[in-house]
Amino acid sequence: MLVLSYLLRRLLYLFPILIGVNLITFLLFFLVNPPQDQARQALGGRNVRPEQIAAWMRERGYDRPRFWNAKEAGLKKATETIFFEKNARLFLLDFGRSDVDAHPVRTELVRRIGPSLMVTLPAMALGLLLHLALALAFARFKGARAERGIDAALVALMSISGLFYIIGIQALLGKGWMWIPVSGWADGLDAWRFVIGPVLISLVAGTGASVRFYRALFEEELGRDYVRTARAKGLPESRVLSLHVLRSSLVPIATAVVAGLPFLVMGSLLLESFFAIPGLGNYTLDALNQKDFAIVRAMVFFGSLLTILGLLLTDFAYLLVDPRIRLGGKKAGRLLPVWLFVVGATLVLAIVGHLSDPAIRAVQAAAPLAAAAPATPALWPGNLGAALALAALILLPLLLMRTLEGQRLKATLASSRLAQGCLAVVLFFIAIAWLDSVRWREIVKDSAGKVVLDPRTAEPARAQQATSLLDAGLLSAWRLAGAPVAKIADLSEKTYSAPFAKTLFVNTTDPSTGERRKETLKHPGRHPMGTDKAGSDVFLRAVKGVRTAVLIGILTTLLALPFALLLGVAAGWYGGWVDDLVQYLYTLISAIPGVLLVMAFVLLFGQGLWQICVVLGLTGWTDLCRLMRGETLKLRELPFIASARALGARDARILRCHVIPNLTYLVLVNLALAFSALVLAEATLSYLGIGVDPGTGSWGVMINDARLELSRDPVVAWPLLAAFASMFALLLPANLLADQIRGALDPKSGSKP
Amino acid sequence: MTPLLRVEDLHVHFRSVEAVAGISFEIQKGEVLALVGESGSGKSASALALTRLLPERAAEIRGRALLGDTDLLSLAPRDLRRVRGGRIAYVFQEPMSALHPLLRVGRQVAEAVRQHRPGVPAMKEAVRLLGETGLPDPERAARAWPHELSGGMQQRAIIAMALAGEPDLLIADEPTTALDVTVQAQILELLKTERRKRAMAVLFITHHMALLTSFADRIAVMRHGKIVEQGPFLEVISAPKHPYTRGLLACVPRLGARLKRFPTLSEVAP
């Protein structure tokens, strides 16, 4: 009976989250980017006539009013609306029909869960066993000299992008040694052959991060008093590890496993795409590429539903595993503020939606939609981003030095040559990113050297592509090496060439004599990493990717910071309904699977550096906010805050002088730890085609372009290798540095050896 | 008579800090030795070093610790396991954290029984031990989770666990410091009873000397990793020779004494 009432209370708390997800979906897909725009995008851009749009919308049921249908009678006023037909029906798991070919989404969804599970389930089960065993084995090495080596190896594994594992293993085992089929599927149990590759890759790719996580868990457990008691009883070490240590680690392990439920069902986008597995991941990707909004909407909702189920399961996993946890208590949360908020938000959206209908229609009629123009790298966001990042990087340490943790960090950095080396490398990359961000558009000169005037404005014309300090520097370097280049574009060849080669890759046949000969390069020997399919210098492309990586790695966290700080500190400090609301908000946002949120964003707002920063910032905001809230809660109870109050300080002053500086170290740790995750995420997203737009330099885009070239003969591997090498060169020091920072700043972890 | 335990010139180094700087003492069979000193004097480190319970790689141990005629500090792991719990047992300071939170109490005691007395029905013996150490309704206690017991009951359970292997020497590292006064007295009574029943030696570590009147036979006073004075308990207490011992005794508040200020150790024994 107790279980039932607890279950009911939890559902009552979690249901508003589902409603919230539903509202967000509605907001994103119907208000911000209304069906008219979606129709235009689907039908092909600029030259679309209003009748075509109307027909498209009518076929799919988007021509109804959003919230309130005044024309209909009775109940139909509410039901013959977009909100009811498209959104509310999701609660009934009625996912409607595809926008592209009208197939019923739910049927397809059910059909595809099987293949996804066939890959993810074994991967998760085997992965758990393998990683736990390795972590247990490694935990015994704490303090030994071997630990350094093991740690470095694990960090190195973590710094390699998942893409590399996939491409590498697929090429090696599939094409090279032919042990596994390269891609494909069979129905039923025959599919096991096709599952081996993806499962193997999952195991290997996840090893670095997972083993480190579990090992940290075990190391902490090994230091506990009850482990000492077990040893004092005379128990053999194997029993101490397998029973005592493992048992008490079950709670965090269970949480981590259950948190993976959404990914279990939705499948891995990358693996399914590489191995042509007909699962949900591929389904979502295809929908994205075809701009099928209906399917993407359904997936967002479905994914969130799974996350919420996962939350529910976590509660029960806790109950099973830890006898200290009691049902009920404060975990159920206060329901009233949350429900009030949800109802209020629905009403607000309804009113806005209803009122904006005629407004949007008027706007649409008046001005044509500006089709997505090719991204001209605008000057100010690029410069602004760099300026922001730089400012933060200087201010944060200054703020940090005022605190005790800052002093410890300084001490650690001063004493460890490894930390200094890593810091130097990371700063070097940041310097490159900054150099690449200071941009301007060159004045166009014709071949005689005279300034060309723009016919429309009668001012000196400026180039389409912006040049940056980095470009200028590289150009000078090239000129010094003897290549006569005036602009970056001049560096290109016609097509492939190997590193330091003198001739192009492709043989040309002399049309007159029929002779085959190799064409010489424009700038022989000047391409240290060769050129890619389009002839661009690979080294240059790799260097251009630095800015994207660094900006996303740093700016994302910084963008999320003010909001996380504001809401997190408010929640922790004031408590009450403010706390309830903030908790609701971040549970809500973290309920939507990150990748899907990115997809939805990109679909609706287009690709670009800033869009990615914003949406990744949104998903990262939840972690940061939770951290700030937790730490504020702890700080609030400390004696020095009480004495500040006793001295008469007002809340604002306490927050400013005592609370926030003490949160700085958390921000730095979060920044450091999130950096590599964000860089890897960007590469993956760009590879999938939902990252930065292809015009911006990005390692993910490089990998995407280069991947197909592995099947050429001879194999053109260097663009791929250059991209991975650059990523590794940035991420390995970043990860090692992050470790050092966390060791120095985290008061729990104590001093590192 | 060969002493049960004889420690010769024990040194314990933690990286750069020397926690124990060469101590030597003896414990006879059935004797109670009180090891007294401030926090940080090295008392716990010495006790843990005997069966190498200190973190393996962080601590460097030198010297000899002879149990009978085996040197504990150079024993192989397999033999060391037999000593731990079987001949030397421990009771620690914080009962709540010394018990595994996710295993039932009876099971933890039974584990110790099984390890050192195979052939004895472990669970039954565990319940019997829990009763012997004064837990009311030992059946229920055995089925309970550690957090369901009070501090005093937890410590009794730990004592039961320690006695399960029928050790010759019980090392009690401040077993009552974390408990309130009435419970302290009860636990002390329990230790006295058990020691008498089993003719067990006890190494009682504490910073509260007066606690052990009528319990300890001998006393050793530690300071900064060295033993500054040792001898029969009553002798040392009534006529301390070393200024530090005198200082420690002077710091103990006495009923009826009239003082303007309490003396501090730095004043009395610089």
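The values are calculated or read from the model by the stated rules, or taken from the named source; none is laboratory data. Since the model is a prediction, treat every value here as computed from it, not as a measurement. Neighbour counts are summed over all protein chains in view; Cβ atoms, including those assigned to glycine, are modelled from backbone coordinates with ideal geometry. Each accessible area value is taken on the protein alone, full model and side chains, heavy atoms only, with ligands, DNA and RNA left out. Shrake-Rupley method; radii C 1.70, N 1.55, O 1.52, S 1.80 Å.
Residues that are in contact with a helix residue (DSSP H, G or I) (Cβ under 7 Å, 6 or more places away or on another chain), outside any loop (DSSP other than H, G, I, E, B) and either touching a residue at least 40 places away in the same chain (Cβ under 8 Å) or more than 9 Å from chain A (Cβ to nearest Cβ) (or both) within the stretch B:89-109 comprise B:Ala89, B:Tyr90, B:Val91, B:Pro95, B:Met96, B:Ala98, B:Val105, B:Gly106, B:Gln108, B:Val109, listed in sequence order. Would you please list the contacts, defined by Cβ atoms under 9 Å and residues six or more apart or on different chains, that run from a residue in the stretch A:474-494 that is in a helix (DSSP H, G or I) to a residue that is of a type in the set (Val, Ile, Thr) and at pLDDT below 75? What qualifies is A:Leu474/A:Ile488; A:Leu475/A:Ile488. Only one of the numbered conditions (1) aliphatic (A, V, I, L, M); (2) within 29 Å of A:Leu217 (Cβ to Cβ); (3) in contact with a helix residue (DSSP H, G or I) (Cβ under 8 Å, 6 or more places away or on another chain) is not met by A:Val105, and that is (2). The number of residues in the stretch A:160-175 that are under 20 Å from the mean Cα position of the chain (by Cα) and of a type outside the set (A, V, I, L, M, F, W, C) comes to 3.
For residues that are among the aliphatic types (A, V, I, L, M) and within 17 Å of B:Gly86 (Cα to Cα), scanning just the stretch A:220-239, find the one that is surrounded by the most Cβ atoms within 10 Å (Cβ to Cβ).
Quick first cut of the stretch A:220-239, residues among the aliphatic types (A, V, I, L, M) only: A:222, A:227, A:230, A:232, A:235.
Then drop every residue that is not within 17 Å of B:Gly86 (Cα to Cα), which leaves A:230, A:232, A:235.
Working: A:Ala230: 28, A:Ala232: 23, A:Leu235: 21.
Ranking the qualifying residues of the stretch A:220-239, first place goes to A:Ala230.
Taking the criterion of being within 17 Å of A:Ala722 (Cβ to Cβ) and open to solvent by 70 Å² or more (accessible area, probe 1.4 Å), the residues of the stretch A:481-530 that qualify are A:Phe500, A:Arg526.
Counting residues in the stretch B:72-86 that are within 12 Å of chain A (Cβ to nearest Cβ), touching a Pro at 6+ places or on another chain (Cβ under 8 Å) and surrounded by fewer than 24 Cβ atoms within 10 Å (Cβ to Cβ) gives one or more.
Name the single residue that is most open to solvent (accessible area, probe 1.4 Å) among those in the stretch A:130-176 being basic (Lys, Arg) and part of a helix (DSSP H, G or I). Restricting to residues being basic (Lys, Arg) and part of a helix (DSSP H, G or I), the top hit is A:Arg145. Tell me, please, whether a residue that is touching a residue at least 60 places away in the same chain (Cβ under 8 Å) and within 25 Å of B:His11 (Cα to Cα) can be found in the stretch B:238-245. No - not one qualifying residue is present in the stretch B:238-245. Restricting attention to the stretch A:222-246, the residues that are assigned to a helix (DSSP H, G or I), over 40 Å from the mean Cα position of the chain (by Cα) and closer than 20 Å to B:Val109 by Cβ total 6. Across the stretch A:552-568, the number of residues qualifying as open to solvent by 10 Å² or more (accessible area, probe 1.4 Å), more than 15 Å from A:Leu668 (Cβ to Cβ) and touching a helix residue (DSSP H, G or I) at 6+ places or on another chain (Cβ under 8 Å) comes to 3.
State whether the residues of the stretch B:147-158 include one that is part of a helix (DSSP H, G or I), at the interface with chain A (Cβ under 7 Å from one of its Cβ atoms) and under 16 Å from the mean Cα position of the chain (by Cα). Taking every residue of the stretch B:147-158 in turn, none turns out to be part of a helix (DSSP H, G or I), at the interface with chain A (Cβ under 7 Å from one of its Cβ atoms) and under 16 Å from the mean Cα position of the chain (by Cα).
Restricting attention to the stretch B:19-63, which residues are buried (at least 17 other Cβ atoms within 10 Å of the Cβ), over 16 Å from the mean Cα position of the chain (by Cα) and away from chain A (no Cβ under 14 Å)? Step through it out loud before you land on a result.
Of the stretch B:19-63, the ones buried (at least 17 other Cβ atoms within 10 Å of the Cβ) are B:19-20, B:23, B:25-27, B:31-37, B:41-54, B:59, B:61, B:63.
The next check asks that each one be over 16 Å from the mean Cα position of the chain (by Cα); those that pass are B:19-20, B:23, B:59, B:61, B:63.
Within the stretch B:19-63, B:Ala19, B:Val20, B:Ile23, B:Ile61, B:Gly63 meet the criteria.
Of everything in the stretch A:573-628 that's open to solvent by less than 50 Å² (accessible area, probe 1.4 Å) and among the aromatic types (Phe, Trp, Tyr), which residue is nearest to A:Ile654 (Cα to Cα)? The selected residue is A:Trp573. For the condition outside any loop (DSSP other than H, G, I, E, B) and open to solvent by 10 Å² or more (accessible area, probe 1.4 Å), A:Glu72 does not qualify.
Taken as a whole, the condition of being open to solvent by less than 20 Å² (accessible area, probe 1.4 Å), over 30 Å from B:Val252 (Cα atoms), in contact with a helix residue (DSSP H, G or I) (Cβ under 7 Å, 6 or more places away or on another chain) and away from chain A (no Cβ under 11 Å) applies to B:Leu67.
For the stretch A:242-292, give me the residue count where each residue is open to solvent by 10 Å² or more (accessible area, probe 1.4 Å), under 20 Å from A:Met118 (Cβ atoms) and among the hydroxyl-bearing types (Ser, Thr, Tyr). Summing the residues that are open to solvent by 10 Å² or more (accessible area, probe 1.4 Å), under 20 Å from A:Met118 (Cβ atoms) and among the hydroxyl-bearing types (Ser, Thr, Tyr) in the stretch A:242-292 gives 3.
Of the residues making up the stretch A:666-706, those that are over 14 Å from the mean Cα position of the chain (by Cα), under 24 Å from A:Thr284 (Cα atoms) and buried (at least 22 other Cβ atoms within 10 Å of the Cβ) number 6.
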